[in-house]
Amino acid sequence: MAVIPKVVLNTDLNEGFCFGCGKNNPIGMKLHFVKDGEAIRAEFTPDKMHQGWPGLLHGGILSTLLDEAMSNIAYATGKTTLTARMEVAWRQPVKVTEPLVVTAWITRQRKKIIETAGKVTLKDGTIIAESTAKQFVAENAAEDKVKETRSHV
């Protein structure tokens, strides 16, 4: 059996500087997740500063969307997590300025690992990228503030 390290995080999100969901990060994505049944979802419209090849969204931005969504669905369980492993399958390129929807859900929950899945689609449901991840459950150094900050999910 693998030894799982003890990780303690400060998850006081009140400063709002998370690159994915922070409202105060001037270069962040400012994602706002909402519940959608057993999943969460957010909408994001990239622009030219998010491109890789001219006119096409950078694959790293797609990965960031998926990582943020899968981390947030795990966080919504009341656990503080870090992404331990993530796999992404890019299905097709997408143009910058194309409105996107990112969705994530939990596939399995254990004591120290929460397995998640997610996808990025166009508004018509066309799949752009899909992902799975394992979220490592960590200790929370800001436990008394967690309930107030989890309201963003």
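Against the definition (exposed (fewer than 14 other Cβ atoms within 10 Å of the Cβ), at pLDDT 95 or above, of a type outside the set (Val, Ile, Thr) and closer than 22 Å to Glu139 by Cα), how does Arg110 come out, yes or no?
no
So that you can scan it fast, the table gives a plain yes or no per residue for (1) of a type in the set (D, E, K, R); (2) over 16 Å from the mean Cα position of the chain (by Cα):
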position: Glu68; (1), (2): yes, no
position: Ile73; (1), (2): no, no
position: Val88; (1), (2): no, no
position: Gln109; (1), (2): no, yes
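Considering each of Pro99, Pro46, Pro93, Pro54 in turn, give the residue that is surrounded by 17 or more Cβ atoms within 10 Å (Cβ to Cβ), over 15 Å from the mean Cα position of the chain (by Cα) and not hydrophobic (A, V, I, L, M, F, W, C).
Pro46
Yes or no: the stretch 15-35 includes at least one residue that is within 23 Å of Trp105 (Cβ to Cβ), at pLDDT 95 or above, of a type in the set (Val, Ile, Thr) and buried (at least 18 other Cβ atoms within 10 Å of the Cβ).
No, every residue in the stretch 15-35 fails to be within 23 Å of Trp105 (Cβ to Cβ), at pLDDT 95 or above, of a type in the set (Val, Ile, Thr) and buried (at least 18 other Cβ atoms within 10 Å of the Cβ).
For the stretch 47-55, does any single residue satisfy the condition of being under 28 Å from Asn140 (Cα atoms) and at pLDDT 95 or above?
No - not one qualifying residue is present in the stretch 47-55.
Which residues, counting only those in the stretch 19-35, are farther than 11 Å from Val102 by Cα and in contact (Cβ under 8 Å) with a residue 40 or more places away in the chain?
Passing the criteria: Phe19, Gly20, Cys21, Lys35.
Contact list please: Cβ distance under 7 Å, first residue in the stretch 111-134 and within 15 Å of Pro93 (Cα to Cα), second residue among the aliphatic types (A, V, I, L, M) and surrounded by fewer than 14 Cβ atoms within 10 Å (Cβ to Cβ), pairs at least six apart or on different chains.
Lys119/Ile127; Thr121/Ile127; Ala129/Ala89; Glu130/Ala89
The values are calculated or read from the model by the stated rules, or taken from the named source; none is laboratory data. All values reported here derive from a predicted model rather than from experimental measurement. Because the Cβ atoms are built from the backbone with ideal geometry, glycine has one as well, and the counts that use them run over all protein chains shown.
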